[in-house]
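One structure is given below, encoded as structure tokens.
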Amino acid sequence: MNAPRPDSRPPLSSLDDALAALLAQAAPLVQTEAVSPFDADGRVLAEDLVSALQVPPQDNSSMDGYAVRSAEIADEGLLLPVSQRIPAGAAPQPLQPGTAARIFTGAPVPAGADAIVMQEDTESVEQGQVRILRVPGPGQWIRRSGEDITRGSTVLARGVRLGPAAQGLAASVGRDRVLVARRPRVALFSTGDELVMPGEVAPGAMKPGAIYNSNRFFLRSLLLRLGCEVEDLGIVPDRRDATVQALRQASAGNDVILTSGGVSVGEEDHIKPAVQQLGTLDLWQIAMKPGKPFAHGRIGAAHFIGLPGNPVSSFVTFLLLVRPFLLKLQGATQLAPTAIELPAHFDWPRADKRREFLRARRDDQGGLELFPNQSSGVLTSTAWADGLIDNPAGKAIARGDPVRFLPLAELMA
Ligand code: AMP
Ligand code: MG
């Protein structure tokens with residue numbers, strides 16, 4: 001029998017279970033919008049992008065040189081008259097038998113020609129003639145029509161998150177609009193009477209106990225990177241009425257309400273009763289470090305997500321739980337980050353009972369070094385790190401051991 005929990009803390013759940021439960025709540029937004037590929041960076045594609053053309057459209061030369069009929073060139077040293085000149089963008093005439101056509105990179109190959117002799121393998125002779133110094137093979141230096149993309153093929157699948165290469169690819173098949181999921185609207189606020197804003201209180205004028213609100217800055221930035229519209233409601237004091245009031249305001253017109261702090265079950269934590277007053281709430285103690293308290297609920301049509309107040313806990317739970325949630329809302333198919341295996345260049349003998357996400361970075365020997373202070377209040381660790389080591393509960397790490405590394409470049413993108 002478990003001892004009763006006098007503090008009414010919910011039981012520990014695993015990160016995987018919490019993530020699965022959270023994602024089960026994330027019904028993708030149905031609305032889409034058509035945007036220019038110029039503006040599609042970071043957006044999730046809401047259609048299969050099918051090519052209406054072949055890319056390249058015609059066979060073209062991949063070299064500056066001469067277009068020839070390869071069967072006409074049995075021996076090196078053959079002299080051919082140059083019958084036309086084909087720069088990129090020109091529409092060539094069919095290649096006259098017994099001649100070569102001067103051609104440039106990207107220019108269409110004239111009908112009848114089946115090979116390009118690169119100019120380094122030729123010698124130009126007076127009166128518009130060229131000497132072929134190397135016997136060409138059929139097809140040589142020709143980029144075939146459709147070699148990149150065939151007409152009717154899907155170049156980008158629905159659910160892909162677009163980035164610079166995909167934006168270029170959409171343009172390369174002639175699209176001036178692509179259909180993407182609409183941006184999730186997220187209301188953000190931080191709870192805590194101790195919080196002050198940089199610019200409002202100077203470092204020398206801080207009252208005892210006051211700290212700067214750092215969570216507001218990285219959460220807003222992470223949300224924007226994930227394609228969200230952010231309604232920033234600032235700092236909410238540690239009072240039930242103020243919390244209810246802020247939640248009410250946040251729930252109007254937003255898809256998600258994201259808060260940090262106040263999500264434990266102490267007397268100064270007002271999130272739980274306030275959300276329960278207006279809607280429903282599941283509070284989890286997640287067996288992860290940093291992390292632990294995490295909440296999901298509903299207020300009207302809006303999702304409520306409550307993150308812990310400790311900056312590193314807030315940061316890490318955002319990346320591991322809120323990020324996939326927001327991607328799923330947008331219909332993204334790839335939700336889990338890519339993990340890579342790298343050797344530890346440190347010892348971590350005192351493993352925690354909980355699954356840990358250690359702030360680490362790659363050294364120039366291809367291994368990982370650890371930030372010396374792994375406390376969940378030390379935000380320096382996250383700015384120093386370039387990734388998180390996902391270390392199973394109770395697993396000590398010895399120098400040289402392979403560990404699972406999640407690069408922040410992907411988690412924060
Ligand atoms: P809480 O979850 O509200 O109990 O907060 C846990 C710890 O995180 C406390 O030390 C808070 O002062 C700190 N904290 C909470 N919110 C923020 C914030 N927005 N920025 C920086 N630190 C915070
Ligand atoms: Mg607090």
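Return the only residue of Pro81, Pro37, Pro97, Pro110 being at pLDDT 95 or above and either within 35 Å of the chain's Cα centre (by Cα) or closer than 25 Å to Gly152 by Cα (or both). Sole residue among the options that is at pLDDT 95 or above and either within 35 Å of the chain's Cα centre (by Cα) or closer than 25 Å to Gly152 by Cα (or both): Pro37. Take the conditions (1) open to solvent by 40 Å² or more (accessible area, probe 1.4 Å); (2) polar (S, T, N, Q); (3) free of Cβ contacts under 8 Å to residues at least 24 places away in the same chain; Thr99 misses just one of them, which is (1).
For every residue, the table says whether it meets (1) surrounded by fewer than 18 Cβ atoms within 10 Å (Cβ to Cβ); (2) touching a residue at least 24 places away in the same chain (Cβ under 8 Å); (3) over 20 Å from Leu319 (Cα atoms).
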{"site": "Leu15", "(1), (2), (3)": "no, yes, no"}
{"site": "Leu23", "(1), (2), (3)": "yes, yes, no"}
{"site": "Val30", "(1), (2), (3)": "yes, no, yes"}
{"site": "Glu33", "(1), (2), (3)": "yes, yes, yes"}
{"site": "Val44", "(1), (2), (3)": "no, yes, no"}
{"site": "Ala52", "(1), (2), (3)": "yes, yes, yes"}
{"site": "Pro57", "(1), (2), (3)": "yes, yes, yes"}
{"site": "Asn60", "(1), (2), (3)": "no, yes, yes"}
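Looking at segment 364-374, can you tell me whether even one residue there is in contact with a Lys or Arg (Cβ under 7 Å, 6 or more places away or on another chain) and open to solvent by less than 20 Å² (accessible area, probe 1.4 Å)? Within segment 364-374 (the criterion being in contact with a Lys or Arg (Cβ under 7 Å, 6 or more places away or on another chain) and open to solvent by less than 20 Å² (accessible area, probe 1.4 Å)), the answer is yes, since at least one residue qualifies.
Only one of the numbered conditions (1) modelled with pLDDT under 95; (2) closer than 30 Å to Leu307 by Cβ is not met by Arg185, and that is (1). Mind checking which pairs have a first residue in segment 333-347 that is more than 12 Å from Leu411 (Cβ to Cβ) and a second that is open to solvent by less than 60 Å² (accessible area, probe 1.4 Å) and charged (D, E, K, R), Cβ under 8 Å, 6 or more apart or different chains? Close Cβ pairs satisfying both conditions: Pro343/Asp401; Ala344/Asp401; His345/Asp363. Residues that are aliphatic (A, V, I, L, M), under 27 Å from the mean Cα position of the chain (by Cα) and within 16 Å of ligand 1 (Cβ to nearest atom): does segment 151-169 have at least one? There is no residue in segment 151-169 that is aliphatic (A, V, I, L, M), under 27 Å from the mean Cα position of the chain (by Cα) and within 16 Å of ligand 1 (Cβ to nearest atom). The residue that is farthest from ligand 1 (Cβ to nearest atom), among those in segment 170-225 that are buried (at least 19 other Cβ atoms within 10 Å of the Cβ) and among the hydroxyl-bearing types (Ser, Thr, Tyr), is Thr191. Tallying residues that are out of contact with any Leu (no Cβ under 8 Å at 6 or more places or on another chain) and either aromatic (Phe, Trp, Tyr) or buried (at least 18 other Cβ atoms within 10 Å of the Cβ) (or both) within segment 383-399 yields 2.
Scanning segment 328-350 for residues that are touching a Leu at 6+ places or on another chain (Cβ under 7 Å), open to solvent by 30 Å² or more (accessible area, probe 1.4 Å) and more than 19 Å from Gly400 (Cβ to Cβ) returns Lys328, Leu335, Pro337.
Checked against (1) in a loop (DSSP other than H, G, I, E, B); (2) under 30 Å from Phe325 (Cα atoms); (3) under 27 Å from the mean Cα position of the chain (by Cα), Ala393 meets all criteria but (3).
I want to confirm something. Restricting to segment 179-194 and keeping residues that are in a strand (DSSP E or B) and within 16 Å of ligand 2 (Cβ to nearest atom), which single residue is nearest to Thr32 (Cα to Cα)? Among those residues, the one meeting the criterion is Leu188.
The values are calculated or read from the model by the stated rules, or taken from the named source; none is laboratory data. Bear in mind the structure is a predicted one, so any value in this text is a computation, not a measurement. Cβ sites come from the backbone with ideal geometry, for glycine too, and all protein chains shown count toward neighbours. Each accessible area value is taken on the protein alone, full model and side chains, heavy atoms only, with ligands, DNA and RNA left out. Shrake-Rupley method; radii C 1.70, N 1.55, O 1.52, S 1.80 Å.
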